[in-house]
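Q: Before I ask anything, let me first share the structure, which is written out below as structure tokens.
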Amino acid sequence: MTDAPLFRSRDFRLLLIGQTTSQLGSQVSGVAIPLLAVLTLDASPIELGLVTASSTLAFALIGLPAGAWLDRWVKLPVLVASDIARALLLATIPLAALVGILNITHLVVVSLLTGFARVFFDVGYQSYLPVVLGKDRVLAGNSSMEAIRASGQVIGPGLGGGLVGVIGAANVVLTQAVTFAVSAVCLLAIRTREAPIPVHPDRPRLGAQIREGLVFVAHNRILRATALASAAGNFSFAIASAVTFIFASRTLELSPLAIGVIVSVGSVSAIIGAAFTPRISRRVGSVRIIWLSLAVTGPFALLTPLSQPGWLVLLAAVGMSVGELGQIIYAVTNVSLRQRLCPDAMLSRVNATMRVLIMGLFPLGALVGGVLGELIGLRGTLFVAGGLMVLSPIPLMAVFGRIRDIEQLESWHRPG
């Protein structure tokens, strides 16, 4: 996992500290907010689906223009502003609970607005990492980043579940607000500066730049395939997200602490996967591993709906653990491929276009999951989600074929 020159970089260490801290907060509140909706506000599957959907709706609404704007802007100030905005918005949840006015609508609004900030952060961050590291080290950088951030995923859910029982779910959300503030401070301390973005008098208008990003992705068969595979996986996860916490709490009869522990167990494999992705990539092939990681681990998603109260709860833990392993390897290798082959001037727009295509179905998936939970039950909904996960690597297998490594692929250029 380790690449000594990376960790000797002060700026990379600051980036790691900030992202590890905010990831820990995200994992803590990732358990707290659903439990707040389910246990405190007595949310139905449809209401929980609305909360989940609202957090990703922003990708469909502003993802494309955000990518075009970020190709015009210096990235670091945008990342800092995004963290500060999320810290302030999340802090309103415990405040509303304190004065007795917290409701599902408040959670939906906060989730929606923090989603807007997340769009700018996620798109800008993927474009900013190559600035700090250089394109030749993005695989090692992504791997190291995900391995250390995943450590928060092990501690966070169990900590979040335990804290819910001690201080209440609304107060736990305050933890995430603080961690976003810490991330903003770390980003402000980074010394690496991007080259100024040249301003051309004949620069295309925003709409033309958005179209250019869409055309670029549409003309690239690899980007089309990864968008399809990622969208299918995200749609599956979105469907499951509407019912997973209700299934764990009401069907499996688990306490908040036990739910957090199970999610944490799944995150252990994410640490392992992220840490060993460069080694696995070299052994299997930096292109081949992209689709193989999903094809091998996807079927394990079907274990979760087979779990039962008692020792068969272990099936859910195994399903989540293996799924996390596959998803982290896929994410690191897929994003690294894009960062290495995409032209710098197009990278933010390509990242944004891919995020919109991938995340655009998430709100719909969460709503579909809520409706399916009402119509066919929690277990049936999880089977539907698992089936989609099994099918997700098919587009990648078709486009990559026998290609083993990124070096066998040509760099991408703007369509002529």
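Q: Express in nm, to one decimal, how much length is gained between His106 and Ala218 on full extension, taking 0.36 nm for each residue of separation and deducting their alpha carbon distance.
A: My answer for the length gained is 36.5 nm.
Q: Moving to a separate point now. For region 256-340, what are Rg and Dmax over the alpha carbons, in angstrom?
A: Just the Cα atoms of region 256-340 yield Rg and Dmax of 14.1, 47 Å.
Q: Taking just the alpha-carbon atoms of region 7-113, what radius of gyration and Dmax come out, in angstrom?
A: For region 7-113, the Cα radius of gyration and maximum Cα-Cα distance read 16.4, 49 Å.
Q: Considering region 268-416, what Rg and Dmax in Å follow from its alpha-carbon atoms?
A: So, for region 268-416, Rg and Dmax equal 17.5, 60 Å respectively.
Q: What net charge is computed for the residues neighbouring Ala66, neighbours being all others with C-beta under 13 Å from the C-beta of Ala66, Lys and Arg scored +1, Asp and Glu -1?
A: +3
Q: Restricting attention to region 366-410, which GluC sites (Glu not before Pro) occupy a DSSP loop and are surrounded by at most 14 other Cβ atoms within 10 Å?
A: In loop regions of region 366-410 (DSSP not H, G, I, E or B), the sparsely surrounded GluC sites (Glu not before Pro) are Glu410.
Q: In a Gaussian network model over the chain where Cα atoms closer than 10 Å are linked, find which of Pro256, Pro77, Pro65 has the largest mean-square fluctuation.
A: Result for the chain, Cα springs under 10 Å: Pro77 fluctuates most.
Q: Using the Karplus equation 6.51 cos²θ - 1.76 cosθ + 1.60 (θ = phi - 60°), what ³J(HN,Hα) coupling, rounded to whole Hz, does each residue of region 173-178 give in order, writing x for Gly and Pro?
A: With the stated coefficients, region 173-178 comes to 4, 4, 4, 5, 4, 5 Hz.
Q: For Phe235, tell me the accessible area in Å² from a 1.4 Å probe, rounded to the nearest 10.
A: Looks like 40 Å² after rounding.
Q: Taking θ as phi - 60°, what are the ³J(HN,Hα) couplings along region 44-53 by the Karplus curve (6.51, -1.76, 1.60), each to the nearest whole Hz, with x for Gly and Pro?
A: 3J(HN,Hα) across region 44-53, in whole Hz: 7, x, 5, 5, 5, x, 5, 4, 5, 5.
Q: Continuing with the same structure: How big is the convex hull of the Cα atoms of the chain, per residue, in Å³?
A: 129 Å³
Q: Further, regarding this structure: Can you give the Kirkwood hydrodynamic radius of region 300-343 from its Cα pairs, in Å with one decimal?
A: For region 300-343, inverting the mean 1/r across all distinct Cα pairs yields 11.9 Å.
Q: Further, regarding this structure: Two decimals is fine: what's Rg over Rh for region 324-395, C-alpha atoms, Kirkwood radius as Rh? List each step's numbers first, then the result.
A: Working: Rg = 15.8 Å, Rh = 14.5 Å.
Rg/Rh for region 324-395 comes to 1.09.
Q: Follow-up question, since we're still on this one. For an R0 of 45 angstrom, estimate the FRET efficiency from the Cβ-Cβ distance between Thr40 and Glu410 and round to the nearest 0.05.
A: With a Förster radius of 45 Å, E is 0.25.
Q: Still on this structure: Largest first, please: the extent of the C-alpha atoms of region 71-113 along each principal axis, to the nearest Å.
A: 43, 15, 6
Q: When you count, for each residue, the other Cβ atoms within 10 Å and take the mean per peptide, how do 236-242, 34-40, 187-193 rank with the highest first?
A: Per-residue Cβ counts within 10 Å, averaged per peptide and sorted highest first, yield 236-242, 34-40, 187-193.
Q: Wrap a convex hull around the Cα atoms of region 166-243, take a quarter of its surface area, and give that in square nanometres. Before the final figure, lay out the partial values.
A: Details: hull surface 41.3 nm².
Taking a quarter of the hull surface, the average projection is 10.3 nm².
Q: Return the Rg/Rh ratio of region 27-77 with Cα-based radii and a Kirkwood Rh.
A: Numbers: Rg = 15.8 Å, Rh = 13.2 Å.
Taking Rh as the inverse mean 1/r over Cα pairs, Rg/Rh reads 1.20.
Q: So, one more: Using the Karplus curve 6.51 cos²θ - 1.76 cosθ + 1.60 with θ = phi - 60°, what ³J(HN,Hα) values do you get for each residue of region 59-66, in whole Hz, with x for Gly and Pro?
A: Per residue, the Karplus-derived 3J(HN,Hα) values read 4, 6, 7, 10, x, 5, x, 4 Hz.
Q: Report the local net charge at Gln126: Lys and Arg +1, Asp and Glu -1, summed over other residues whose C-beta lies under 11 Å from its C-beta.
A: +2
The values are calculated or read from the model by the stated rules, or taken from the named source; none is laboratory data. Treat the numbers as computed from the prediction; the structure is a model and nothing was measured. Neighbour counts run over all protein chains shown; Cβ positions are idealised from the backbone, glycine included. When the accessible area is computed, the model is the full protein with side chains, heavy atoms only, and any ligands, DNA or RNA have been set aside. Shrake-Rupley method; radii C 1.70, N 1.55, O 1.52, S 1.80 Å.
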